[in-house]
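See structure below.
The values are calculated or read from the model by the stated rules, or taken from the named source; none is laboratory data. Given the structure is predicted, the values throughout are model-derived calculations rather than measurements. Please note: Cβ atoms are built from the backbone with ideal geometry, for glycine as well, and neighbour counts cover all protein chains shown. We work out accessible area using only protein heavy atoms, side chains counted, and drop any ligands, DNA or RNA first. Shrake-Rupley method; radii C 1.70, N 1.55, O 1.52, S 1.80 Å.
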Amino acid sequence: MADSYLERVAGELADLSLADAEATGDEKIVDTIGEILGSSSQTLQEAYLTAVRVRRAEARARELLAKRA
């Protein structure tokens, strides 16, 4: 149960920070959130950073596939 909660929170924060970065053009928000999380919970920070990387990789892959379609 702890892992699913951790992954859910990390995923939600990743979604929110990436959406904010896209809306404002300020990519530093992603790093700032990571630093805030790391000051309290290294485990949550790592899950968040992983979620961010996965979402960014997915977006790049989907973009490439869309161009090839």
Every pair of residues 6+ apart whose Cβ atoms lie under 6 Å, when the first sits in segment 38-56 and is without any contact (Cβ under 8 Å) to a residue 12 or more places away in the chain and small (Gly, Ala, Ser) while the second is surrounded by 15 or more Cβ atoms within 10 Å (Cβ to Cβ) and not in a helix (DSSP H, G or I): none
Which condition breaks for Ala69 when tested against (1) of a type in the set (A, V, I, L, M); (2) surrounded by fewer than 13 Cβ atoms within 10 Å (Cβ to Cβ); (3) modelled with pLDDT of 95 or more? (3)
Please go through segment 33-62 and give me each residue that is under 12 Å from the mean Cα position of the chain (by Cα) and open to solvent by 50 Å² or more (accessible area, probe 1.4 Å), ordered by number. Glu46, Leu49, Thr50, Arg53, Val54, Arg55, Arg56, Glu58, Ala59
